[in-house]
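**Q** Sharing a structure below in structure tokens format, with a few things to ask.
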Amino acid sequence: MKKRIAVLVSGGGTNLQALIDAEKEGMFGESRITLVIASKPGVYALERAKNADIPSAVLCKKDYADIAAYSRALTDTLKANSIDLVVLAGFLTIIDEQVYEAYPNAIINIHPALIPSFCGKGYYGLRVHEAALEKGVKVSGATVHFVTPECDAGPIILQKAVAVQQNDTPEALQERIMKEAEWKILPEAVKLFCEDRLTVKNNKVYIGE
Ligand code: GAR
């Protein structure tokens, strides 16, 4: 039941903060965020880790020959820290199957749309919300899913819908989706994982009592 969690980040880390706050409130039982890995130095997420006394590391893709070498270093770091659950919280560097194979059904990602809409290659950050507004959808939201080699196509754990408003800008929609959906369903999914309540069968997630 007691898990060691690594959170991988590339930016401001508001989802990391939601996880830190959830852990403080006791949502994860005895499980702990024991490592934060950033894909570049200087990102504010690293400050958040420091303020919460969580050890952190920076792994930059440009320091490695290719994605394979980067993924090996990442996997080695996760294994060396005895990590049980990997959370991609706005982590924007591409990783390969070495990581997925080392952590089957144990890597989760938060995506700022209702998958299978506005997801896949090229859909990240503000671009997702720009695409949603461009299409004129009336509802968007967020999805937490297990990560598989196919981008944004792994089994869905939780989703939450958020209404799109007529005068929304990408920034306003992003903020509302974070507040109303991402910061709620990401900690909830981590809680379910820590309680061993998630089972994957035929690419679908079943939540146990
Ligand atoms: C979040 O909105 C997350 O859903 C998104 O990046 C943002 C990171 O913000 N992730 C993706 O677009 C992945 N495809 P944060 O650093 O403040 O948590």
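The values are calculated or read from the model by the stated rules, or taken from the named source; none is laboratory data. On a predicted model such as this, the values are computed, not experimentally measured, just so you know. Positions of Cβ are generated from backbone atoms using ideal geometry, with glycine treated the same way; all protein chains shown enter the neighbour counts. Accessible surface is based on the protein model in full, side chains and every heavy atom, while ligands, DNA and RNA are left aside. Shrake-Rupley method; radii C 1.70, N 1.55, O 1.52, S 1.80 Å.
**Q** Quick one: Tyr124 ticks every box in (1) farther than 24 Å from Gln98 by Cβ; (2) within 14 Å of the ligand (Cβ to nearest atom); (3) surrounded by fewer than 20 Cβ atoms within 10 Å (Cβ to Cβ) bar one, so which box is it?
**A** Just one mismatch for Tyr124, condition (1).
**Q** Would you be able to say whether some residue in the stretch 7-21 is more than 15 Å from the ligand (Cβ to nearest atom) and crowded, with 21+ Cβ neighbours inside 10 Å?
**A** First, pick out the residues of the stretch 7-21 that are more than 15 Å from the ligand (Cβ to nearest atom): none.
The answer is no; no qualifying residue exists.
**Q** So how many residues does the stretch 34-49 have that are within 14 Å of Phe91 (Cβ to Cβ) and part of a strand (DSSP E or B)?
**A** The total comes to 4.
**Q** Exactly one condition in (1) within 18 Å of the chain's Cα centre (by Cα); (2) more than 13 Å from the ligand (Cβ to nearest atom) is not met by Glu209; state its number.
**A** Every condition holds for Glu209 apart from (1).
**Q** Which members of the stretch 27-45 meet the condition of being open to solvent by 30 Å² or more (accessible area, probe 1.4 Å) and either without any contact (Cβ under 8 Å) to a residue 12 or more places away in the chain or under 16 Å from Glu188 (Cα atoms) (or both)?
**A** Step one: of the stretch 27-45, the residues open to solvent by 30 Å² or more (accessible area, probe 1.4 Å) are 27, 29-30, 32, 40-42, 44.
Of everything in the stretch 27-45, those that are open to solvent by 30 Å² or more (accessible area, probe 1.4 Å) and either without any contact (Cβ under 8 Å) to a residue 12 or more places away in the chain or under 16 Å from Glu188 (Cα atoms) (or both) turn out to be Met27, Gly29, Glu30, Arg32, Gly42.
**Q** Do you know which residues across the stretch 78-90 are within 16 Å of the ligand (Cβ to nearest atom) and either over 15 Å from the mean Cα position of the chain (by Cα) or open to solvent by 20 Å² or more (accessible area, probe 1.4 Å) (or both)?
**A** At the first step, the residues of the stretch 78-90 found to be within 16 Å of the ligand (Cβ to nearest atom) are 86-90.
Across the stretch 78-90, the qualifying residue is only Gly90.
**Q** Determine which member of the set Lys61, Lys50, Lys24 is closer than 23 Å to Ala80 by Cα, of a type in the set (D, E, K, R), open to solvent by 40 Å² or more (accessible area, probe 1.4 Å) and out of contact with any Phe, Trp or Tyr (no Cβ under 6 Å at 6 or more places or on another chain).
**A** Numbers: Lys61 fails: out of contact with any Phe, Trp or Tyr (no Cβ under 6 Å at 6 or more places or on another chain); Lys24 fails: closer than 23 Å to Ala80 by Cα.
Testing whether each residue is closer than 23 Å to Ala80 by Cα, of a type in the set (D, E, K, R), open to solvent by 40 Å² or more (accessible area, probe 1.4 Å) and out of contact with any Phe, Trp or Tyr (no Cβ under 6 Å at 6 or more places or on another chain) leaves just Lys50.
**Q** Just name the residue that is farthest from Gln98 (Cα to Cα) out of those in the stretch 139-161 that are in contact (Cβ under 8 Å) with a residue 24 or more places away in the chain and out of contact with any strand residue (DSSP E or B) (no Cβ under 7 Å at 6 or more places or on another chain). Spell out the reasoning first.
**A** Pass one, the stretch 139-161, residues in contact (Cβ under 8 Å) with a residue 24 or more places away in the chain: 139-149, 151-161.
Add one more test, that the residue is out of contact with any strand residue (DSSP E or B) (no Cβ under 7 Å at 6 or more places or on another chain), and what stays is 148-149, 151, 153.
Details: Thr148: 11, Pro149: 10, Cys151: 15, Ala153: 17 Å.
So, considering only residues that are in contact (Cβ under 8 Å) with a residue 24 or more places away in the chain and out of contact with any strand residue (DSSP E or B) (no Cβ under 7 Å at 6 or more places or on another chain), the one farthest from Gln98 (Cα to Cα) is Ala153.
**Q** Show the residue pairs meeting these rules: Cβ distance below 6 Å; 6+ apart or different chains; first residue within the stretch 5-19 and farther than 17 Å from Glu175 by Cβ; second residue near the ligand (Cβ under 8 Å from one of its atoms) and part of a strand (DSSP E or B).
**A** Final answer for the pair search is Leu8/Leu88.
**Q** Moving on. Of the residues in the stretch 140-171, how many are in contact with a His (Cβ under 9 Å, 6 or more places away or on another chain), open to solvent by less than 20 Å² (accessible area, probe 1.4 Å) and among the aliphatic types (A, V, I, L, M)?
**A** 3
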